[in-house]
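K.L.:
Here it is, the structure in full.
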Amino acid sequence: MGLFDQMAGMEDILNDFVVETTELIEQLDEDLLTLESGEVSEDMVNRIFRSFHTIKGTSGFLNFEACNQLAHSAENILNLIRTKELEPNSKMMDVLLETVDWFKGFVGDIAERVEKTYDISELLDAIELNSKQPDSAKKVDQRSERSKLKQSTVEVPRELVQEFISESNEILETLDNDLLVLELEADDEEYVNSLFRAFHTLKGNSSLMGLESMSDVAHKSEDLLGLLREKKITPSSDIVDVLLSSVDFMRVIVSEVDSDEFNDHDPSDLVNKLLQFVGKSPGNGNGNGNGKTHPSAEDKEIKKSPVSGSASVKKIESTIRVDVERLEKLMNQAGELVLEKNRLIQISQLMKQKFSGEKEISDLDSLNNSLGNVTTLIQESVMQMRMLPISKVFRKFPRMVRDLGKENKKEVELVIKGEDTELDRSVIECIGDPLVHLLRNAVDHGLEDTETRLKLGKQRKGVIHLSACQKGNYIIIELADDGSGIDPEIIARKAVEKGIITEEAQRTMSRKDIINLIFKPGFSTAKVITDVSGRGVGMDVVHSNIAKLNGSVEIKSEIGRGTTFIIKIPLTLTIQTGMVVRVWNEIYIVPLQNILETVKLQENQIEKIRGCEIMKYRDFVLPIVRMDELYNIPHSDEDSDQFIIIVANEESKLGLVVSELIGQEETVVKPMGEVLGKVPGIAGATIRGDGRISLIVDTSELVEGAGLKEVA
Amino acid sequence: MENIKVLFVEDSPTMRRIIMNSLTKIGFSDVIQAEHGEDALKKIKGETVDLILTDWNMPEMNGEELVRYLRKSEKYKDTPIVMITTRGMKDDVLNAIKLGVNGYVVKPFTPEILKKKLAKFFDLYAG
């Protein structure tokens, strides 16, 4: 029976495990890097400790042994760092990060319910190696001290060994669970007797197996218990401590006894400790003769931990997890609600015309108003629920940049700002890949190697700034490196070589347009194709992914100074307020957020320059696009009055010629579907109040397109 | 067992679900769950719980701080508190006992082990 068969009915727990551990892993990645950079704060070390601790705990319950062991070892290191017995160093971080990577793979396997056998011995050894204190004067952990001499073990039949292991483990388990209440239960004779018996059994069994060290430890522990039983000494935490060390010691032996190269462990340290108590009877310094177990002097020793909540007052999380599918459903239903509301408003308009003046009509009106308000609130709440901080994406990057830097032998520092900026879930999902490509490019092509940087008088470390912020209805993500910048001449030459543009076209292109050529499919300027930056598909993907989000990418680059990518993405994709316009007999929607203003068209103001229509508007020249020409809309005869809608992106403007402005409407943007994919100039479709489908104009694409036409 | 109100404090959602399964199996139906000490104190305001089961390593307010706080209060100075811990956390357990924790249970544990531990305080095997 496989692992997952045994776990039938535990789907929820496994899913919890995957979700929680993934979050912990992300946090660990981030925290370990911070730790490596030298920012050692108590809070952070505690958090890393807790993360490993939690993974250890949950994996223990789920019988994920390899995972449990690794987490336990990692936790040990962190505990030593926490108690300042160990100083974090970069080698140690490498091993811990490797462990975290292992967890990543493991969680992936669990998520897909893949059952594997894992060999973690190398990793465990590496962790062990790093948890050795360099200063041998510090107290030595008895468990890890392997004695060199290989003791001769008596040949014992295999079944007996197995029996010994399972029985010992059982006893050790209960001892672990029972020993600590010794102080409280010292008066309970039966309780102390059972502890005594446990050690006694262990002594006998181990002696039978020829495990002298274990037998020795069990024997001395038994002696100690004997004194406790006869009330010759009173239990103290020191005694409990040393007995627990015995249990730990024996556990190590039991776990290793079956392996081929069994090395016995040196028990002398432990035995000496045990003898200290046995020899000193009766009384152990703080015994006060009446068997009371809580000497008050010890209470003062309790480590005072800093009161939480002073330095980092975080708001208490009271959250629940909701399946994405349910949220998605709610979102769609909220969208439908908007559509139905639009229908109701339309019908109400008709009713008004028919029965104007009736009392019920004004009631209906106010009802419509309040319904509209509630709908808007529901919509906003659902949108809010879908918002995630961009740190979800960003937090992977420090680790990635660190590794990329190491691979490329470049020193790179990544500075992140605005990770709290919130984005819609769907946007978060799409933005990761493009940013990965851009970061890889920045490290691979953008930044110079250390030698070159020093020669150029730049600081050793290349710096990449990654930031996010909200501006109006847009999220702006900026990624800037201080590397060599993009040389338009090289780009132009490459583009001509690769046949992406003709030499003639190149001469008329602006610097900006030439740089934008790097987004063309098949363009890659890397001298050597590396593992890191791929094969010229990266930038293409960046552009198309961001276009999918109705966003735009802008490049600012200065030779020798570096390159900045500015990504602009609309805050929400699904519900927008749109201006409903008529173009001859067809209805289109223009997203309101992109409209600057509307003016009446006066044909005599329009001029033609090089085949393009333009109009003087205020102080500058406005390219004009006639929507009927753009979308091949047949003219009907009667219209003559026309309007210009002025739409803009952050740097250019454009005038769209339409026949009539109908009004504003809440629109639920629906994609055009798999078959059509992205249609040029169209952002999507929506169902209007009267049930008809209208197309939504992709203004940012039109503005960009017009910009290019302008110079062509 | 229905009339025993349990406070169960644990920061890991996975662990919460696992241990809740155990508690349900044992027969506890009245359980207040909390994510950490502060959350626990908030949630037991106005309630009286008969048994407290708490993890030790938690963010915000850890087990140590929670137990210290509870033991100072008149209402909870004698309420049984059982600590949830893992192997290797010896110092924590010793500390907890000094602070007045009545018992502890080492992760991972089966519902039966937990039941045995809790049977010290309530008659869980009757009926």
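The values are calculated or read from the model by the stated rules, or taken from the named source; none is laboratory data. Remember, predicted model here, so these are calculated numbers, not experimental data. For neighbour counting, all protein chains shown are included, and Cβ atoms are generated from backbone atoms with ideal geometry for every residue, glycine included. Calculation scope for accessible area: heavy atoms of the full protein, side chains included, ligands and nucleic acids excluded. Shrake-Rupley method; radii C 1.70, N 1.55, O 1.52, S 1.80 Å.
K.L.:
Are there any trypsin sites (Lys or Arg not before Pro) in segment A:582-613 that are in a DSSP loop and have at most 13 other Cβ atoms within 10 Å? List them by number.
P.N.:
Hits after loop and neighbour filter: A:ARG610.
K.L.:
In the neighborhood of A:LYS461, defined by Cβ-to-Cβ distances under 10 Å, what is the net charge if each Lys or Arg adds +1 and each Asp or Glu adds -1?
P.N.:
Net local charge, A:LYS461 excluded: +1.
K.L.:
Here's another thing I want to ask about it. Just the projected area, averaged over all directions, of the convex hull on the alpha carbon atoms of segment A:575-711: how many nm²?
P.N.:
The number I arrive at for segment A:575-711 is 8.9 nm².
K.L.:
Now, a different point. Would you kindly state how much longer the chain becomes between A:SER636 and A:GLN384 on full extension, computed as 0.36 nm times their sequence separation minus their alpha carbon distance, in nm to one decimal?
P.N.:
86.3 nm
K.L.:
What's the local net charge at A:ASP94, with K and R +1, D and E -1, over the other residues with C-beta under 11 Å away?
P.N.:
Once positives and negatives cancel, what remains is -1.
K.L.:
With charges set only on the Cβ (+1 for Lys and Arg, -1 for Asp and Glu), what does the dipole of segment A:3-130 come to about its Cα centre, in debye to the nearest 20?
P.N.:
300 debye
K.L.:
Could you sort out which of A:LYS520/A:LYS616; A:LYS104/A:LYS410; A:LYS498/A:LYS556; A:LYS84/A:LYS231 sit more than 29 Å apart by Cα distance in this structure?
P.N.:
A:LYS520/A:LYS616; A:LYS84/A:LYS231
K.L.:
Please give the net charge around A:GLN576, taking every other residue with its beta carbon less than 11 angstrom from that of A:GLN576, where Lys and Arg add +1 and Asp and Glu add -1.
P.N.:
-2
K.L.:
Please arrange B:TRP56, A:TRP102 by accessible surface area, largest first, computed with a 1.4 Å probe and ligands excluded.
P.N.:
A:TRP102, B:TRP56
K.L.:
Please give the length that would be gained between A:LYS548 and A:GLU23 if that part of the chain were fully extended, namely 0.36 nm times their separation in residues minus their C-alpha to C-alpha distance (nm, one decimal).
P.N.:
186.2 nm
K.L.:
Over the C-alpha atoms of segment B:1-47, what are the Rg and the largest Cα-to-Cα span, Dmax, in Å?
P.N.:
Radius of gyration, then largest Cα-Cα span, for segment B:1-47: 10.6, 28 Å.
K.L.:
Out of the GluC sites (Glu not before Pro) in segment A:338-396, which ones are loop residues according to DSSP with at most 16 other C-beta atoms within 10 Å?
P.N.:
When the GluC sites (Glu not before Pro) of segment A:338-396 are filtered for loop state and at most 16 Cβ neighbours within 10 Å, A:GLU358 remain.
K.L.:
Counting only other chains, and only Cβ atoms inside 10 Å, what mean value do you get across the residues of B:54-62?
P.N.:
Counting Cβ atoms of other protein chains within 10 Å of each residue's Cβ and averaging gives 4.
K.L.:
Related question: Does segment A:3-130 come out rounded, prolate or oblate, given a ≥ b ≥ c as the square roots of the eigenvalues of its C-alpha gyration tensor, rounded meaning a/c under 1.5 and, failing that, prolate meaning a/b above b/c?
P.N.:
Taking the square roots of the gyration eigenvalues as a ≥ b ≥ c, segment A:3-130 is prolate.
K.L.:
Here is a follow-up. Kirkwood-based Rg over Rh for segment A:306-448 (C-alpha set), two decimals?
P.N.:
Here Rg/Rh amounts to 1.23.
K.L.:
What number, in nm² with one decimal, is the all-direction average of the projected area of the convex hull of the alpha-carbon atoms of segment A:324-384?
P.N.:
4.0 nm²
K.L.:
Å³ per residue of the Cα convex hull, for segment B:5-118?
P.N.:
So the per-residue Cα hull volume is 90 Å³.
K.L.:
Can you tell which of A:VAL583, A:GLN602, A:ILE624 lies farthest toward the positive end of the dipole of segment A:575-711, using +1 and -1 charges on the Cβ of basic and acidic side chains (Lys, Arg; Asp, Glu)?
P.N.:
Working it through, the farthest residue towards the positive pole turns out to be A:ILE624.
K.L.:
Pull out a ≥ b ≥ c, the square roots of the eigenvalues of the alpha-carbon gyration tensor of segment A:389-570, then state rounded if a/c is under 1.5, prolate if not and a/b is larger than b/c, and oblate in the remaining case.
P.N.:
Verdict is oblate for segment A:389-570.
K.L.:
With springs connecting C-alpha atoms under 10 Å apart, model chain B as a Gaussian network and identify which of B:LYS45, B:LYS115, B:LYS107 has the largest mean-square fluctuation.
P.N.:
Top of the fluctuation ranking is B:LYS45.
K.L.:
Please give the total accessible area that chains A and B bury against each other, computed with a 1.4 Å probe and expressed in Å² to the nearest 100.
P.N.:
Its buried surface, counting both partners, is about 4100 Å².
K.L.:
Also, quick follow-up: What is the packing order of peptides A:551-561, A:394-404, A:54-64, taking the mean over residues of other C-beta atoms within 10 Å and listing the highest first?
P.N.:
A:54-64, A:394-404, A:551-561
K.L.:
Take each of the peptides A:695-704, A:681-690, average the number of other beta-carbon atoms within 10 Å over its residues, and list them starting from the highest.
P.N.:
In decreasing order of mean packing, A:695-704, A:681-690 become A:695-704, A:681-690.
K.L.:
Now, a different point. Please calculate how many Å² of accessible area segment A:3-130 carries per residue, with a 1.4 Å probe and no DNA, RNA or ligand atoms counted.
P.N.:
Spelled out: the 1.4 Å probe surface of segment A:3-130, per residue, equals 44 Å².
K.L.:
A further question on this structure: Tell me, what is the FRET efficiency for A:LYS498 and A:PHE620 to the nearest 0.05, using R0 = 51 angstrom and their Cβ-Cβ distance as r?
P.N.:
Result of the calculation: an efficiency of 0.90.
K.L.:
Roughly how crowded by other chains is peptide A:52-59, in terms of the mean Cβ count from those chains within 10 Å of each of its Cβ atoms?
P.N.:
Partner-chain Cβ atoms within 10 Å, mean over residues of A:52-59: 6.
K.L.:
Over 19 Å between Cα atoms: which of A:LYS392/A:LYS461; B:LYS5/B:LYS42; B:LYS25/B:LYS117 fall into that group?
P.N.:
A:LYS392/A:LYS461
K.L.:
Label point 7 Å out from A:GLN664 along Cα-to-Cβ: which residues of segment A:341-357 have amide N under 18 Å?
P.N.:
Of the residues in segment A:341-357, A:341-343, A:345-346 have backbone N under 18 Å from the label point off A:GLN664.
K.L.:
How much FRET efficiency would the formula 1/(1 + (r/R0)^6) give for A:ASP188 and A:GLN162, where r is the Cβ-Cβ distance and R0 is 45 Å, rounded to 0.05?
P.N.:
0.85
K.L.:
Subtracting the Cα-Cα distance from 0.36 nm times the residue separation, let me have the gained length for A:LYS104 to A:ILE693 in nm, one decimal.
P.N.:
207.5 nm is the gain from fully extending A:LYS104 to A:ILE693.
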